[in-house]
Amino acid sequence: MGSQITRYVAAATLARVATGGSPLAVILMARYYDASGHTLGLLTACLTLPHLFGPFYGKWLEHSKAPCRLIACMAWVLALFFTFSVIAISYNSMYLCGLFLLVCGSSNAFLMGGLSTQLKHLVSQEPPARRKAFGFDAISYAIGMTLGPLLISAIAASYSPTIASLGLMCFPLLASVFIATLSPSQSKQSYSNTSAPPTMSDIIHTILKSAPLKKTLITTASTSFALSTLPVIAVYLGEHMVNDKQSGAYLVASYGAGNLISALYSILKPLQKNALTLMRNFAMGIALCLLGIALSNSYSIALFGFLLAGMVNALFFTSTLAARTEYAPERGASQVYMWVSTIKMAFASLGTLIAGFTVETSTNLPLFVSIGVIGMAIIIGARQGKST
């Protein structure tokens with residue numbers, strides 16, 4: 001693994017510890033100050049709503065002379081405005097907190113999908129090298145999903161959610177140092193001298209004409225909706241099963257651990273089947289995991305259910321990376337990536353919002369809604385296949 005990739009993995013891992021832990025930090029902070037489930041859902045959704053503008057971020061990165069430095073600056077913006085949001089919650093100023101979290105959500109988009117779009121410009125264009133690089137990218141997400149919630153839960157239990165949230169912001173600051181050292185000349189997208197980058201309308205037209213890309217979009221959106229409900233549900237399950245708000249964080253950490261296990265497996269034994277078939281099968285697996293969590297009657301069973309959900313999701317995520325690469329045109333591949341990320345995060349925001357509004361009625365209601373959404377996506381995807 002070259003020095004550029006080593007620095008990328010370090011930067012991506014540090015950044016995604018922050019993005020992985022921030023939703024749980026917001027949830028614990030809101031519950032610590034006795035915010036309602038509605039407020040909790042709205043605040044968490046503020047972190048994902050700005051991802052709707054992902055295509056604009058993609059164009060910004062595309063035309064930037066130093067995209068990695070731009071991403072490094074966004075890491076500082078995240079640290080600053082998340083600190084502001086913590087202060088706002090402590091003063092019970094939820095509207096101001098929501099405004100700050102919207103800015104944080106924009107920064108998160110750069111540290112997640114934005115950073116991933118630069119990866120292919122740091123490695124060889126040979127398929128084996130790309131797949132291995134995507135495996136390392138999946139690892140960075142898995143570590144972030146594991147370590148972020150674990151740190152938040154441990155520090156919140158020992159001290160307070162406020163200290164945990166503020167401490168989490170050290171990670172994007174450290175990440176910015178590594179991101180800034182990535183060579184702009186290697187991370188910048190390159191188009192032929194005779195052609196300009198494709199416009200947004202070109203990308204939309206490409207996606208709508210491609211059945212595989214539409215299937216990728218639909219399946220990714222549905223699973224994102226479903227899995228985004230888990231952090232909200234985890235806190236309430238922890239309260240109901242063991243009467244402890246912080247225990248919900250360990251459920252989220254278990255989900256992250258599952259992600260890490262399967263991400264490591266995908267590097268040691270890369271997935272070989274057709275990407276669309278893999279996505280469909282893993283989406284069904286996620287639905288079964290959610291059903292198991294809904295039917296669980298003890299904390300230990302719920303903990304295992306979250307672990308399994310994380311394991312299946314990591315394999316699903318790896319298959320979506322393959323689909324975005326294999327079915328996207330060479331020109332505009334990064335924009336296709338950002339469009340899929342945009343729709344994914346939009347549905348994640350919707351899932352979080354619905355979970356916040358329904359979880360107080362029934363902890364299982366968001367889970368059954370999520371299972372239904374995945375089921376509809378699989379049916380729509382199957383009909384797409386028959387129509388092509």
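FYI, it's all coordinate maths here, none of it is from the lab. Given the structure is predicted, the values throughout are model-derived calculations rather than measurements. Cβ: placed from backbone, ideal geometry, glycine included. Neighbour counts: every protein chain shown.
Summary table below
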quantity: Peptides ranked, highest mean first, by Cβ atoms within 10 Å: ranges 61-67, 321-327; calculated: 321-327, 61-67
quantity: Gaussian network model of the chain, Cα within-10 Å springs - most flexible of LYS209, LYS120, LYS132; calculated: LYS209
quantity: Relative packing of 79-91, 338-350, which averages over residues the other C-beta atoms within 10 Å, highest first; calculated: 338-350, 79-91
quantity: Neighbour-count order for CYS73, CYS46, CYS68, fewest beta carbons within 10 angstrom listed first; calculated: CYS73, CYS46, CYS68
quantity: Value of [θ]222 nm, deg cm²/dmol, for the chain, DSSP H segments ≥ 4, -39500 (n - 2.57) each, nearest 500; calculated: -27000 deg cm²/dmol
quantity: Hull volume in cubic angstrom per residue (convex hull over the Cα atoms of the chain); calculated: 121 Å³
quantity: Mean separation of Cα contacts under 8 Å (6+ apart) over length of the chain, as relative contact order %; calculated: 27 percent
quantity: Across LYS65/LYS209; LYS120/LYS215; LYS65/LYS269; LYS59/LYS132; LYS120/LYS209; LYS120/LYS214, pairs whose alpha-carbon gap is larger than 28 Å; calculated: LYS65/LYS209; LYS65/LYS269
quantity: Sorted by Cβ density within 10 Å, fewest first, the residues TYR8, TYR33; calculated: TYR33, TYR8
quantity: Directionally averaged projected area (convex hull, Cα atoms, the stretch 220-275), nm²; calculated: 4.8 nm²
quantity: Modelled FRET efficiency - R0 22 Å, GLU360 with SER90, Cβ distances, 0.05 increments; calculated: 0.40
quantity: Rounded, prolate or oblate (a/c below 1.5 giving rounded, otherwise prolate when a/b exceeds b/c) for the stretch 1-70 by Cα gyration tensor; calculated: oblate
quantity: Descending semi-axes in Å of the stretch 271-388, equivalent ellipsoid built from Cα gyration tensor; calculated: 28, 16, 14
quantity: Qualifying chymotrypsin sites (Phe, Trp or Tyr not before Pro) in the stretch 230-292, DSSP loop, other Cβ atoms within 10 Å at most 10; calculated: none
